[in-house]
Amino acid sequence: MLQGIDPPQAPGGNAIGRLMVDLGSHQCRFPLRGEGIATRFCAAEVSEADWLPGAPGRCYCRFHRRLTEGRGTGAERAAPRVLERLA
């Protein structure tokens, strides 16, 4: 989190966020504001298919997961086109 800057809100997320102890199963754990025990998280619903705690970004809603994923290297971005030509 950047000091003094609130991250973008996910559609369907809680505007003020929720504390970790108030989060239910399959709710986004993307940190919005605060520090330590006072950290507030997005709390938008995460689909069963997208929920995989322990894997990078897999306990975030799709909106916040897209923010955390990089564009990849040039070769990674070109891979779908290369695979399409090889098929």
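The values are calculated or read from the model by the stated rules, or taken from the named source; none is laboratory data. Fair warning: this is a prediction, and the values are worked out from it, not measured in the lab. Because the Cβ atoms are built from the backbone with ideal geometry, glycine has one as well, and the counts that use them run over all protein chains shown. To get the accessible areas, we keep the full protein, side chains included, count just its heavy atoms, and leave off ligands, DNA and RNA. Shrake-Rupley method; radii C 1.70, N 1.55, O 1.52, S 1.80 Å.
At a glance:
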read-out: Total residues in the stretch 29-67, condition among the charged types (D, E, K, R), within 18 Å of Ile16 (Cβ to Cβ) and open to solvent by less than 70 Å² (accessible area, probe 1.4 Å); value: 2
read-out: Top-ranked residue in the stretch 9-19 [being surrounded by 12 or more Cβ atoms within 10 Å (Cβ to Cβ) and in a loop (DSSP other than H, G, I, E, B); ranked as modelled with the highest pLDDT]; value: Gly17
read-out: Members of the stretch 54-87 that are within 22 Å of Ala10 (Cβ to Cβ) and without any contact (Cβ under 8 Å) to a residue 12 or more places away in the chain; value: Gly54, Ala55, Arg58, Arg66, Gly70, Arg71
read-out: Flag for Ala43 being modelled with pLDDT of 85 or more and assigned to a loop (DSSP other than H, G, I, E, B); value: yes
read-out: Unique residue being of a type outside the set (D, E, K, R), over 9 Å from the mean Cα position of the chain (by Cα) and farther than 13 Å from Ala10 by Cβ when the list is Leu32, Leu23; value: Leu23
read-out: Unmet requirement for Gly70, which otherwise passes all of (1) of a type outside the set (Ser, Thr, Tyr); (2) open to solvent by less than 40 Å² (accessible area, probe 1.4 Å); (3) more than 17 Å from Gly24 (Cα to Cα); value: (2)
read-out: Residue in the stretch 20-34 that is modelled with pLDDT of 80 or more, of a type in the set (Val, Ile, Thr) and part of a loop (DSSP other than H, G, I, E, B) present; value: no
